[in-house]
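One structure is given below, encoded as structure tokens.
The values are calculated or read from the model by the stated rules, or taken from the named source; none is laboratory data. Since we're looking at a predicted model, the values are computed, not measured. We place every Cβ from the backbone using ideal geometry, glycine too, and count neighbours over all the protein chains shown.
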Amino acid sequence: MGAPHRAAPPLMPTIVTTTQPGPVLSLEHAQKSFGAVHALEDGDIQLFAGEVHGLVGENGAGKSTLVKILAGVHRPDAGRLVLDGDEAIFDNAKQSQAAGIAIIFQEPTLFPDLTVAENLFVGMQPLKRFRRIDHRRMRREAAAVFEQLGVKLDPDRLARGLSIADQQLVEIAKALTTNARVIVMDEPTAALTSTEVDRLFGIVETLRAHGNAVLFVSHRLEEIFAICQRVTVMRDGSHVLTKPVEELTTQSVILAMVGRDMDALFPKVPNEPGPVVLKVDRLTREGVFTDVSFDVRAGEIVALAGLVGAGRTEVARAIFGIDRWDAGSVEMAGRSLPAGSPAAAMAAGIGLVPEDRRQQGLVMDFSIERNIALASLDSISRGGLIPRGAERSFARDWAMRLQLKYGKLTNPAWTLSGGNQQKAVLAKWLARDPTLLIVDEPTRGIDVGTKAEVHRLLSELAARGVAVLMISSELPEVLGMADRIVVLFEGSVAREFTRAEADEHAIMRAATGMVEEVA
């Protein structure tokens, strides 16, 4: 006799037509730190059956950490997760899934060489006798789920070649086959066309009508107002407000997202800009950014603002030659730069302080002195050799100029604090006396005191005539330091503001794709 076949799990979700009196899921006063970085100070949210709940906030507000706690990726250091009135503790993603929570990430992860139906039932295939997969039933159930969602998708089609929208649809269908009651959509529309967004909204409405609790995370405020019943705003890792959508306006949400005052943290030195140093003309990299044009003058700080995925870092990498562009041009002091040549960019006087100082800005196992001298070895080498004394003297001089705090210059770079690592990267490029300095997230992850020092350095550089291109996700930093602000939205320039014109609301509207009348 053959082995007994496994009873197939229920493949279709239970349809709930009324909302529960209490929340299906609550995260109460959650905290999460990674070393000295407090990613989540007070994560607080309640999700109800039959409701789409919007989650918004600036970059670094704690949204992703909150989502990963719900997904079982992170366990909170404090606070608690409550499921149907009982406290739940997830040690891994599988436990979260078993509890009925499904996460639909911005970039779906399907098996490309399996069919749509096979992707739906990975790990829980229905079996018939002799433990053989019941492919017919799998296809039938997949078709039933798609019909329930009101879409047409061939269960026998391979996942390879599916559009992002169809891949997300498969992920949503997969959530339904596991009887997920809470569905989290993390930036689901980032790569979708307007037609695909409309279809997704129809599916979300279907999920809501079936009694699912949906958490919709988005930077696009018009989508939040179009699809959500309640909205939670986070700022600096903490819950700011939760209100029904009808009690909110775009302006009130933006104010809640950015509500911080500027103070002496931004020691801006007034300065009269000189001639154009950098000219970027219709720069395009297919699928990344399109038709980007702006210039930076000597003694001027120009900020590239925008949300995650807007293309700010990618534009900076192209200017410095790390990535090639497909069309357009970059000129330094009137001379064209070749695409894809960091050496040419450096020779033209460009320095780049990258966003990730640990992975891209420093060689963490090298000594502090070697890291500071790395970009200037041509000036201190003698006959192809690097005199140890010359390197140390060079590094000590710049460490003193930037008030670097360290034990010994021979210590590895990983022994420095985050703020001093950032100073070391700045020292490396300032030592080359750049004509243009590109700084990507110059104060991310460093303390307030060091932030003020970095701002002072940038302001002094501009006062000496250096052109500064600054990329920052912190609106107070952008408003406090920039002479002009270029806002990117989905890879294109949305607006450009002078210092006098800019305010938090206007920048956030441009960064979220909200069209604003220009007087």
Exercise for review: Look through Ala3, Ala30, Ala8, Ala49 and report the one residue that is among the small types (Gly, Ala, Ser), at pLDDT 90 or above, more than 20 Å from the chain's Cα centre (by Cα) and assigned to a loop (DSSP other than H, G, I, E, B).
Suggested key: Ala49
Point to revise | Criterion: under 26 Å from Asp166 (Cβ atoms) and among the polar types (S, T, N, Q) - qualifying residue of Asn119, Asn92 | key: Asn119
Review point. If you go through the stretch 173-183 one residue at a time, do you hit one that is within 22 Å of the chain's Cα centre (by Cα), under 21 Å from Lys68 (Cβ atoms) and either without any contact (Cβ under 8 Å) to a residue 60 or more places away in the chain or not assigned by TED's automatic domain parsing to the domain that holds Leu307 (or both)?
Key: yes
Check your understanding: Is there any pair linking a residue in the stretch 77-105 that is free of Cβ contacts under 8 Å to residues at least 40 places away in the same chain to one that is among the aliphatic types (A, V, I, L, M) and assigned to a loop (DSSP other than H, G, I, E, B), with Cβ under 7 Å and at least six apart or on different chains, and which?
Key -> Ala88/Ala99; Ala93/Ala71; Ala93/Val73; Ser96/Ala71
Practice item. Scan the helices (runs of 4 or more DSSP H) fully inside the stretch 376-460 and keep the ones with 3 or more residues being under 22 Å from Gly480 (Cβ atoms). Key: 418-430
Review point. For the stretch 44-82, which residues satisfy the criterion of being within 25 Å of Thr512 (Cα to Cα) and among the small types (Gly, Ala, Ser)?
Key: Gly54, Gly57, Gly60, Ala61, Gly62, Ser64
Revision key, fill the gap. Note on Gly418: of the conditions (1) closer than 22 Å to Val439 by Cβ; (2) small (Gly, Ala, Ser); (3) more than 31 Å from the chain's Cα centre (by Cα), unmet is (3)
Check your understanding: Restricting the first residue to the stretch 400-416 and requiring it to be in the same structural domain as Ala427 (by TED's automatic domain parsing), which pairs with a second residue that is loosely packed, with under 13 Cβ neighbours inside 10 Å meet a Cβ separation below 6 Å and a spacing of at least six or different chains?
Key -> Pro412/Asp365
Practice item. Might you let me know whether the stretch 392-411 holds any residue that is over 24 Å from Ala462 (Cα atoms) and in contact with a Gly (Cβ under 9 Å, 6 or more places away or on another chain)? Key: yes
Point to revise | Tally of residues being in a helix (DSSP H, G or I) and either touching a residue at least 12 places away in the same chain (Cβ under 8 Å) or more than 25 Å from Gly211 (Cα to Cα) (or both) across the stretch 135-172 | key: 22
Exercise for review: Report, by residue number, each residue of the stretch 264-314 that is of a type in the set (D, E, K, R), without any contact (Cβ under 8 Å) to a residue 40 or more places away in the chain and within 14 Å of Ala463 (Cβ to Cβ).
Suggested key: Glu272
Point to revise | Per-region count, the stretch 296-346, residues buried (at least 17 other Cβ atoms within 10 Å of the Cβ) and not in a loop (DSSP other than H, G, I, E, B) | key: 22
Exercise for review: Would you tally the residues in the stretch 344-367 being within 27 Å of Pro412 (Cβ to Cβ) and either out of contact with any helix residue (DSSP H, G or I) (no Cβ under 8 Å at 6 or more places or on another chain) or among the small types (Gly, Ala, Ser) (or both)?
Suggested key: 6
Review point. Picking from Val280, Val253, which residue would you name as being within 21 Å of Ala494 (Cα to Cα), buried (at least 19 other Cβ atoms within 10 Å of the Cβ) and more than 22 Å from the chain's Cα centre (by Cα)?
Key: Val280
Review point. Within the stretch 76-91, which residues are of a type in the set (Asp, Glu) and surrounded by 10 or more Cβ atoms within 10 Å (Cβ to Cβ)?
Key: Asp77, Asp84, Glu87
Review point. Is it the case that Phe130 is in a helix (DSSP H, G or I) and touching a residue at least 40 places away in the same chain (Cβ under 8 Å)?
Key: yes
Point to revise | Among the residues listed as Ile386, Ile372, Ile380, the single one being β-branched (Val, Ile, Thr), at negative phi and either exposed (fewer than 13 other Cβ atoms within 10 Å of the Cβ) or touching a Leu at 6+ places or on another chain (Cβ under 7 Å) (or both) | key: Ile386
Check your understanding: Name the residues in the stretch 278-297 that are out of contact with any Asp or Glu (no Cβ under 8 Å at 6 or more places or on another chain), over 19 Å from Gly309 (Cβ atoms) and hydrophobic (A, V, I, L, M, F, W, C), would you?
Key -> Val296
Study note, to complete from the structure: Requiring at least 3 residues that are within 18 Å of the chain's Cα centre (by Cα) and at pLDDT 85 or above, the helices (runs of 4 or more DSSP H) wholly within the stretch 57-123 are 63-70
Review point. Restricting the search to the stretch 33-46, which residues are in contact (Cβ under 8 Å) with a residue 24 or more places away in the chain and either in a strand (DSSP E or B) or in contact with a strand residue (DSSP E or B) (Cβ under 7 Å, 6 or more places away or on another chain) (or both)?
Key: Ser33, Val37, His38, Ala39, Leu40, Glu41, Asp42, Gly43, Asp44, Ile45, Gln46
